[in-house]
Amino acid sequence: MKKLRCSVFSLTLAACFALCALIPMAGNAGDQLLRMATTTSTDNTGLLDYLAPAFQRDTGIELQWVAVGTGKALALGQNCDVDVLMVHAPEAELAYVGSGYGAKRTEIMYNDFVFIGPKNDPAGIRGKSVNQALNSIARDKALFASRGDDSGTHKLEIQLWESSGLVVPDRESWYIQTGQGMLPTITIAEERNAYTITDRGTYIKYEDNKKGNPPLIILVEGDDSLKNQYSVIAVNPENCPSADYENALKFIDWIRAERAQKLIGDFTMLGKQLFMPNAR
Amino acid sequence: MDYIAEGFITALKLLARGDPETYSAFFTTLRVSSISILASMVMGIPLGFALGYYSFPGKRQIRAVVDTLLALPTVVVGLFVYALVTRRGPLGILGLLFTIPGIAVAQTILILPIVISLTATAVSNLDVRFRRTVSTLGAGSKRTALTAIYESRFGVLAAAVTAYGRVIGEVGVSMMIGGNIKWHTRTITTAIALETGKGQFAMGIALGLVLLLLAFVVNWILQIVRRVR
Amino acid sequence: MYEIQNLKRRYGDGFTLDIPSLAIEKGKAYGFVGPNGSGKSTLLRILASLDEPDGGRVLFHAETAQPREPSRQSKQQDRALVTMLLQEPYLLKRSVFENIAYGLRVRGIRRSLRSRVHEALMMVGLEPHTFSHRKWSELSGGEAQRVALAARLILTPEVLILDEPTASVDRVSAQLIRETIRTIRHAHNTTLLIASHDTTWLHGVCDEILKMQEGRIVGSGEENIFTGPWLPAPDGLWEMNLSDGQRIRALPPSEMIPHLTENAVALLDSTSIIVTTERPDHVSAQNILSGMLAHLYTFKHSERVKLDIQVAELPMTCNITRAAARSLGLLPGLDVWVVFKASSLSWQWVEIGIGE
C-alpha cells in the first residue's frame, strides 16, 4: 500500500518534469521567422525591442536576434546561423561583402561616438580634439578602458590611436582591456574612474540607467572621426543556401523605407534622440 | 551594497505583478532544465551503473576520463556544441542553434559526466557483503543488478540533485547555444548575465533570487520523495 | 550432502585452503573451529557457492541421489537449498519486512508473505508488529543479525551455513540466536555448518567438530571441556575432583579474573593426551587417569582415530594416530590410562565467553 503510494508519487513527479519539457512555447507557429545577429550595444539601447513589433505588424515576420560582439556577429553570418546582420563597422563590413559573405549592404542610421570620463577629468581632455585628448591621456597615463573585443567600437578606437600618432597602448598598465560589450565596459570604467569611448546611443542608455545622474560624463564630442554608421547586411545566399534571403530583403526594404526611418528618428531616451536615420 | 536589498524588493515586485519577461525566463529555464535532467538521467544512470558495478578492461581509465569531464567549463562545452550545430557543422541540418532543444542537448552533454560519475560512485560503494547477501538469498545476476540500483538509490538521488543544481545555474552553454533571445531562449541565468552587463545589478540580484526560489522548491520536493521512501 | 575433493584456494603465494577430502552428511551439524585466518570463512563461502575454488571439486548432492557438479544453473537451484549468514550483520536498505521477504520475492512467491515474515520474526525472537516496519538503520547490531537470520530461515534451507553468528552481537541476541538454531536443527533436520569461537555452544549443537589451521583440517580436533569446579591446591595448581576420587590438575591461567574463578572452564585438546594400556611409571605429567575405552572412531579424511574414553563420570575425547592405536592393540571395553600435562589445559571464562 505504502509502496504503491510512493510509486504513484514518483511517477507524477516525473510526469511533471516531462510536461514542463513539452510546454509549447509562446510562439506563433504560423508566423515566419527572421534571424538577426546584431551587436550588444545596439541591443542594449532597446531599439530592436521597439522596432520588431512594428516590423511584425507590417510584414507578419517575427524578428529574433542574438546580441554578440561585432566579430561574432559577422562569424554567425558566415556560418549561416543567421539570415541578416545589423552592425556598425564599415571597414569590416565592406571586406565582408567583398569576400562574398554578405549582400545588399544598406546604411540605415548613424550616431556618433563620444569620449566619456570622470567628472573631475584628471587628464584634462574636456573640449579638446580627439588627437589632443588621446595624447593627454597617454602622457598622463590616465586610466582608459577599451572594449578590446574587435567590435566596431574597438576597431574605431584603434584607428583613433593610430591617427593621433600614437602606438596602441596594449601593454600599458593604465590601459584596461575589458573584452566585453559597451555597457559592461562603461561599468568597469565607472568603477575604475577611467576614460572610455562609447557610442552615444549606449551612453544615453547608461545615463537613463543612472536616472539622469551618471558618474561618467561626455567630455569630447563632435569630431568628424567619431561618426558611427549602422548598416544592415543580408547573409549571402550564394554562401548560405539555407539562409532566409527573401525575408532578409523584406527587412532591409522595410527599415530603409520612410515609416521605419521615422520610427528610428522618434526613438528617444531621456528626451534625447539616439540614432539619426540616414538610409538613402 | 544597497542593490542587494533593492534586489529583494524587485524580486517580490516582479513575481507579484507577473512581469512577463521574468516569467518567460522562468519557464524557459524550467523547460530547458527539465529536458536536460530527464535526458541525462535516462542515459547517465545506466551508464554510471555499468561503470560502477561491472569489471572490465579499461574501467579505471574510463572512470578517470569521466571524472575529468566533470571539470569542463561550460563555455568550452558551448563552443564544442556550437561547432556541431552551426549550419556549417555536421548537425547543422537539425537547426538546433538558438533553440530550446539546442540548449537542452548542450546542457545534457554538460551534466552527463556528473550523473555517470556520481552514480558509478554510489554503486561501487556497495559493500562486498551486498553481493554475497543477495546471492545467498537466491538472486541471479540480473536480479542482483536491479537490486544494486535500488540499494544505491540515495546516491543516485544525490547525483540528480547535483546535476540539477549545475544545469539550472549555468550560463555559458545557454548563452552560446541559446543566444539569449528575448521571449524565446532567454533563461534566468542569461537574463542575469544581460542585466549585470548593463549595470542593472538590482535586477540581476532579483532574477538570481527567483532562480534560487525555483531550486529550493525542486529540492524541497525531492526531500519529500526521499522521506516517503 | 557435500563431497569435497582436493579443494584448493590460493591467496598470493600461499594457500588459503588445502583440503584433500571432506564429506558433509545430510542432517548433521558440523562445527568449524580454528584461529582467525585458518580458512573457515573461505571454506564456508565456497560451500555456499559464494566463492570459487582455485583447484579441486565440490560436489553437492541435494535431495536427489545423483551427485552432480554445480553447473551455473544448478548452482542457482542449489542456492535455494543452501544459504549462509555472514559474520557481520548486513541488511539491505529497506524495511525489516522487505529484508526478510526478499528471498521469497526473488523466487516469485507473493502469497501469504505477511504471515510467513511474521513467523520468521517470531522464530528469532522479534515481535512482528514492533519490528516489521522498522528501517534497516533503526536496529541494533544484534537485532540486525537476527533479522538477517530470519531472512534465511524463511527459505527453509536444506543447508544453513553460519559464519560466526554470535561474534559481533550483544549477549541477549547471541543467546536467542543460539536457541533458534538449536530449535530449527531439531525441527527441520537442517544440515548445519557453523564456524564459531564459542566452543561450548558448538559442543552442544554439533555432531562433529572440525578444527582448521592454515587452510587445513587438522583432524577432528575436539576439545575436552572440564567445567570444574576448579579449586586451588596447596602447591599452586588448580584441581578438579572426579567422582571416583581421581583428580585433574591444571596450571592456573596466567591472567586471572578473580571473581570469575568459579566459572573457569578448562579445555584440553584431544591431541594433547597420551593413551596407554598400562599405568606408566616414570613420567613428569601431573595427570595419570584411569578409564575405559568406550568408542573408537576412524575418519576418512585423517590418519588419526578418535577415542571416547570414560574417566569416572567424564567422557573424554582423545585423538591419536592410527599407528599408535594399532600398536596399542586398542579395543572398545579395554581399561586404559590417559596421561597429560597440567600445562596442556587452556582456560575459558564461561561467563563472558572470552576465549583463551
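The values are calculated or read from the model by the stated rules, or taken from the named source; none is laboratory data. All values derive from a computational prediction rather than experimental measurement. Glycine gets a Cβ as well: all are built from the backbone with ideal geometry, and neighbour counts include every protein chain shown.
Restricting attention to the range B:43-51, does a residue exist that is over 26 Å from B:Thr144 (Cα atoms) and either of a type in the set (A, V, I, L, M, F, W, C) or part of a helix (DSSP H, G or I) (or both)?
No, the conditions are met nowhere in the range B:43-51.
Take the residues of the range A:46-75 that are of a type in the set (Gly, Ala, Ser) and assigned to a helix (DSSP H, G or I): which is surrounded by the most Cβ atoms within 10 Å (Cβ to Cβ)?
Top of the filtered list is A:Ala73.
Quick one: C:Ser173 ticks every box in (1) small (Gly, Ala, Ser); (2) free of Cβ contacts under 8 Å to residues at least 60 places away in the same chain; (3) farther than 21 Å from B:Arg129 by Cβ bar one, so which box is it?
Here C:Ser173 clears every test but (3).
For the range A:187-205, which positions are touching a residue at least 24 places away in the same chain (Cβ under 8 Å) and not in a strand (DSSP E or B)?
Those that are touching a residue at least 24 places away in the same chain (Cβ under 8 Å) and not in a strand (DSSP E or B): A:Ile188, A:Ala189, A:Glu190, A:Arg192, A:Asn193, A:Ala194, A:Arg200, A:Gly201, A:Thr202, A:Tyr203, A:Ile204, A:Lys205.
If B:Ile109 satisfies every condition in (1) surrounded by 22 or more Cβ atoms within 10 Å (Cβ to Cβ); (2) among the β-branched types (Val, Ile, Thr); (3) closer than 24 Å to B:Leu222 by Cβ but one, which is the exception?
(1)
Hey, among B:Ile181, B:Ile177, B:Ile221, B:Ile205, which residue is of a type in the set (Val, Ile, Thr) and in contact with a strand residue (DSSP E or B) (Cβ under 7 Å, 6 or more places away or on another chain)?
Just a single option satisfies the conditions, and that option is B:Ile181.
Looking at the range B:59-75, is at least one residue out of contact with any strand residue (DSSP E or B) (no Cβ under 6 Å at 6 or more places or on another chain), within 14 Å of chain A (Cβ to nearest Cβ) and more than 27 Å from B:Ser141 (Cβ to Cβ)?
Yes; the residues of the range B:59-75 include at least one that is out of contact with any strand residue (DSSP E or B) (no Cβ under 6 Å at 6 or more places or on another chain), within 14 Å of chain A (Cβ to nearest Cβ) and more than 27 Å from B:Ser141 (Cβ to Cβ).
Consider only pairs whose beta carbons are under 6 Å apart and that are at least six residues apart or on different chains; among these, list those whose first residue lies in the range B:123-152 and is facing chain C (nearest Cβ under 8 Å) and modelled with pLDDT under 90 and whose second residue is in a helix (DSSP H, G or I) and surrounded by 20 or more Cβ atoms within 10 Å (Cβ to Cβ).
The qualifying pairs are B:Gly138/C:Arg79; B:Gly138/C:Gly103.
Report the residue count in the range B:41-58 for those that are within 14 Å of chain A (Cβ to nearest Cβ) and surrounded by fewer than 16 Cβ atoms within 10 Å (Cβ to Cβ).
Total satisfying the criteria: 1.
Determine the pairs where a residue that is aromatic (Phe, Trp, Tyr), located within the range B:41-53, has a partner that is surrounded by 22 or more Cβ atoms within 10 Å (Cβ to Cβ) with Cβ atoms under 7 Å apart, the partner being 6 or more residues away or on another chain.
B:Phe49/B:Thr119; B:Phe49/B:Val123; B:Tyr53/B:Val123
Results for (1) of a type in the set (A, V, I, L, M, F, W, C); (2) surrounded by 17 or more Cβ atoms within 10 Å (Cβ to Cβ); (3) farther than 22 Å from A:Pro214 by Cβ; (4) within 23 Å of the chain's Cα centre (by Cα), shown as yes or no for each residue.
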| site | (1), (2), (3), (4) |
| --- | --- |
| A:Met109 | yes, yes, yes, yes |
| A:Phe115 | yes, yes, no, yes |
| A:Asp140 | no, no, yes, no |
| A:Ala145 | yes, yes, no, yes |
| A:Ser151 | no, yes, no, yes |
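Restricting to the range A:252-276, name every residue that is farther than 26 Å from A:Gly212 by Cβ and in contact with a helix residue (DSSP H, G or I) (Cβ under 7 Å, 6 or more places away or on another chain).
Listed by number, the residues that qualify are A:Trp254, A:Ala260.
Checking the structure you have, find out if any residue of the range C:65-82 is of a type in the set (A, V, I, L, M, F, W, C) and either at pLDDT 90 or above or touching a strand residue (DSSP E or B) at 6+ places or on another chain (Cβ under 9 Å) (or both).
yes
The rows are residues; the columns are (1) modelled with pLDDT under 85; (2) of a type outside the set (Val, Ile, Thr).
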| site | (1), (2) |
| --- | --- |
| C:Ser243 | no, yes |
| C:Ala266 | yes, yes |
| C:Ser327 | no, yes |
| C:Gly333 | no, yes |
| C:Val339 | no, no |
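May I ask you to say which residue of C:Leu210, C:Leu193, C:Leu155 is more than 9 Å from the chain's Cα centre (by Cα) and buried (at least 22 other Cβ atoms within 10 Å of the Cβ)?
C:Leu155
Inside the range B:1-40, can you point out the residues that are of a type in the set (Gly, Ala, Ser) and either surrounded by 15 or more Cβ atoms within 10 Å (Cβ to Cβ) or at pLDDT 90 or above (or both)?
Scanning the range B:1-40 gives B:Gly7, B:Ala11, B:Ser24, B:Ala25, B:Ser33, B:Ser34, B:Ser36, B:Ala39, B:Ser40.
Inside the range A:76-109, can you point out the residues that are facing another protein chain (nearest Cβ under 10 Å) and in a helix (DSSP H, G or I)?
Once the filter is applied, which keeps residues that are facing another protein chain (nearest Cβ under 10 Å) and in a helix (DSSP H, G or I), the range A:76-109 yields A:Leu76, A:Gln78.
Can you spot a residue in the range B:83-106 that is surrounded by fewer than 16 Cβ atoms within 10 Å (Cβ to Cβ), touching a Leu at 6+ places or on another chain (Cβ under 8 Å) and among the charged types (D, E, K, R)?
no
How many residues are of a type outside the set (Ser, Thr, Tyr) and part of a loop (DSSP other than H, G, I, E, B) if we restrict to the range B:69-108?
13
Looking only at the range A:206-255, how many residues end up being of a type in the set (S, T, N, Q) and assigned to a helix (DSSP H, G or I)?
Number satisfying all stated conditions: 3.
Of the residues B:Gly52, B:Gly78, B:Gly140, B:Gly58, only one is among the small types (Gly, Ala, Ser) and under 25 Å from A:Trp65 (Cα atoms); which?
Matching residue, one of B:Gly52, B:Gly78, B:Gly140, B:Gly58: B:Gly78.
I want to confirm something. Restricting to the range C:138-152 and keeping residues that are under 21 Å from the mean Cα position of the chain (by Cα) and without any contact (Cβ under 8 Å) to a residue 60 or more places away in the chain, which single residue is farthest from the other protein chains (Cβ to nearest Cβ)?
C:Gly142
Could you please find all residues in the range A:256-280 being surrounded by 13 or more Cβ atoms within 10 Å (Cβ to Cβ), outside any strand (DSSP E or B) and touching a residue at least 60 places away in the same chain (Cβ under 8 Å)?
The answer is A:Arg256, A:Ala260, A:Gln261, A:Leu263, A:Ile264, A:Phe267, A:Leu274, A:Phe275, A:Asn278, A:Ala279.
Residue-by-condition table, conditions (1) at pLDDT below 85; (2) within 14 Å of another protein chain (Cβ to nearest Cβ); (3) surrounded by fewer than 16 Cβ atoms within 10 Å (Cβ to Cβ):
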| residue | (1), (2), (3) |
| --- | --- |
| B:Ile192 | no, yes, no |
| B:Gly197 | yes, yes, no |
| B:Phe201 | yes, yes, no |
| B:Ala206 | no, no, no |
| B:Leu211 | no, no, no |
| B:Val217 | no, yes, yes |
| B:Trp220 | no, yes, yes |
| B:Gln223 | yes, yes, yes |
| B:Val228 | yes, yes, yes |
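What are the residues in the range A:213-251 that are under 30 Å from A:Ile137 (Cα atoms) and surrounded by 20 or more Cβ atoms within 10 Å (Cβ to Cβ), if any?
The answer is A:Leu216, A:Leu219, A:Val220, A:Asn228, A:Tyr230.
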